[in-house]
Amino acid sequence: MRKIILLRSAFSQAWGVMFRRRLGEKIFVFIYPTKTRRLFQTFFCPSLRIVALARGDEQDVEIVFKKVISSWCFVSLPPADLIVEMAPDMQMDEKLIADIISAVGEHKNSAVGGIDANTGIKDLIFALFAASVADLRRVRSVCGISGYGRVDPEIIRNHFSPWERGKILASAGFILDCRIEAQISIPDGAVSLSRQMFDVENAFQDELFAAALAGVPWEKEFSKACIRCGKNASWRFVLPSENLSPELAWRLKRPENAVPLCRDCTRKLHFAKNEQVRRQLLWGLWGPRFEALESWFLAVRGEGVYRLPHNWDKAEHPLWPEEFGGKNWASGSGNVMNCVPREPKEIRRTQAQKRVLAELLGSTPRLP
Ligand SMILES: [Zn+2]
C-alpha cells in the first residue's frame with residue numbers, strides 16, 4: 001500500500017528521506033508556502049524519483065519537473081510548491097496526484113511568515129556535517145586513535161564492510177570539500193582523519209563508492225519464502241567469492257547471486273552437490289540480471305569471453321559495465337537507478353529461463 005507522508009517543518013524537510021535505505025511504497029511530500037526555485041540534494045539518500053508540482057489558483061496542478069536522481073547529487077528544481085520524493089520505480093500518475101492533493105488538503109508549511117526561506121538548507125547542511133563527523137568518529141574509535149593518530153588500513157578493512165567504507169569515504173569527501181563554503185567549524189581531528197581515509201582507501205575509491213550505492217545489506221528486508229514450496233527459507237548464494245578481495249566480492253552478496261530455498265527443497269534439488277542446478281536456478285530466477293553479474297564475475301577472474309571495459313564509469317554503473325546489462329531493471333541494467341537491491345520481480349525472462357524454472361520448481365513455481 002502506498003503511503004503519503006507530509007513534511008511541513010523546516011527540520012523534517014531538512015532530514016527528508018536521508019538515511020533511509022529504500023523508500024518502498026512511501027511517498028514524501030514537501031509542502032512549501034511559495035513557488036520558488038529550490039535546491040534539493042540526495043546526500044545520504046537512496047536513488048529517488050523527484051517530482052515537482054505547481055498548484056494553480058483553481059484546482060489545477062502542473063508537473064514542472066520529474067526525474068530519477070541518484071544518491072549524492074544536488075538538483076535545482078523549477079518554481080513549485082509541492083515537491084514529491086519516491087522510489088525510482090514508482091510512477092506519478094493522475095491518481096497519485098489526486099491522492100497527494102487530497103492528503104495535502106488545507107495543510108500548510110508550518111513556518112510562519114518572515115522566516116528565512118533558506119533555514120531549511122542551513123539545517124540540512126549542519127545535519128550533513130554532523131552525520132559525516134559521526135562517521136569519522138567511528139573510524140577514530142575503531143582504530144583506537146586519540147588526537148592526530150594514524151588510521152590503520154588493516155583495522156578498517158576488517159571492521160567495516162565495503163559499503164560502509166564507501167559511505168565513510170563519502171563523508172570524508174563531504175568534510176574536505178564543503179567545510180570552507182559552509183563556514184561550519186569542524187573538529188581538526190575530523191579533517192585529518194578525512195585526509196587519511198582518502199590516502200588509505202586511494203586504491204579502492206571507485207569500488208567503495210560503488211559499494212556504498214549498490215552493496216547495502218538487503219536480506220532482512222526481503223521475503224524469506226522458499227521459491228519452490230513457500231516455506232520459510234534462507235537466501236542461498238551461488239557464485240563463490242573466494243580469491244576475490246572484499247572490495248570486489250561485495251557484488252556477490254547481491255540478491256542477483258542468491259535464491260531463497262528451504263532446507264527440504266535444497267536437499268530434494270541436490271542444490272549443494274549439483275553445480276548445474278545452482279546455476280540454472282539463479283539463471284532462471286534472475287534472468288538477464290544474473291547473466292550480467294556472471295559476465296562481470298567471469299571477466300574479473302579472466303575467464304570466459306568478457307573483458308571489463310577500461311572506461312567503466314562505476315559512479316554511473318556501480319553494478320557492472322553498461323555493456324553487460326540491458327536498459328532497465330527488467331533487462332539487467334546495472335546503472336545507478338537500478339542498483340538498489342530489489343526482489344526478483346518484473347524480471348524479463350526468456351522462454352528457456354521460464355522452462356528451466358518450471359522444471360526445477362514444479363509446474364507452478366512461486367515466482368515473486
Ligand atoms: Zn521449499
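Rounded to the nearest 500, the 222 nm mean residue ellipticity of the chain from helices alone is -11500 deg cm²/dmol, with -39,500 (n - 2.57) taken per DSSP H run of at least 4 residues. Ranking of R228, R49 by solvent-accessible surface, largest first: R228, R49 (1.4 Å probe, protein heavy atoms only, all chains present). What a 1.4 Å probe finds exposed on the chain is 51% carbon and sulfur by accessible area, rounded to a whole percent.
Computed about its Cα centre, the charge dipole of the chain is approximately 1460 debye, with only Lys, Arg, Asp and Glu carrying charge at their Cβ.
Applying the criteria of a DSSP loop state and at most 16 other Cβ atoms within 10 Å to the trypsin sites (Lys or Arg not before Pro) of the stretch 325-355 yields K327, K345, R348.
If you bin all the Cα-Cα distances of the chain at 10 Å, starting from zero, the percentages per bin are 5, 21, 26, 24, 17, 6, 1, 0.
With a threshold of 26 Å on the Cα-Cα distance, the over-threshold entries among K67/K224; K95/K253; K95/K220; K231/K354 are K67/K224; K95/K253; K95/K220.
Scanning the chain for chymotrypsin sites (Phe, Trp or Tyr not before Pro) that sit in a DSSP loop and have at most 15 other Cβ atoms within 10 Å, the longest stretch containing none of them is 149-368.
In a reduced charge model with +1 at each Lys and Arg Cβ and -1 at each Asp and Glu Cβ, the stretch 222-361 shows a dipole moment near 760 debye about its Cα centre. Comparing P187, L176, W286 along the charge dipole axis of the chain, the residue lying farthest to the positive side is W286, per the Cβ-charge model.
Which whole-number value in Å² is the accessible area per residue of the stretch 197-266, probe 1.4 Å? Roughly 44 Å² per residue, with all protein chains present.
The values are calculated or read from the model by the stated rules, or taken from the named source; none is laboratory data. Source: prediction; values computed, not measured. All Cβ positions, glycine included, derive from the backbone under ideal geometry; neighbour counts span all protein chains shown. Please note that ligands, DNA and RNA were not included when accessible areas were found on the heavy atoms of the full protein model with its side chains. Shrake-Rupley method; radii C 1.70, N 1.55, O 1.52, S 1.80 Å.
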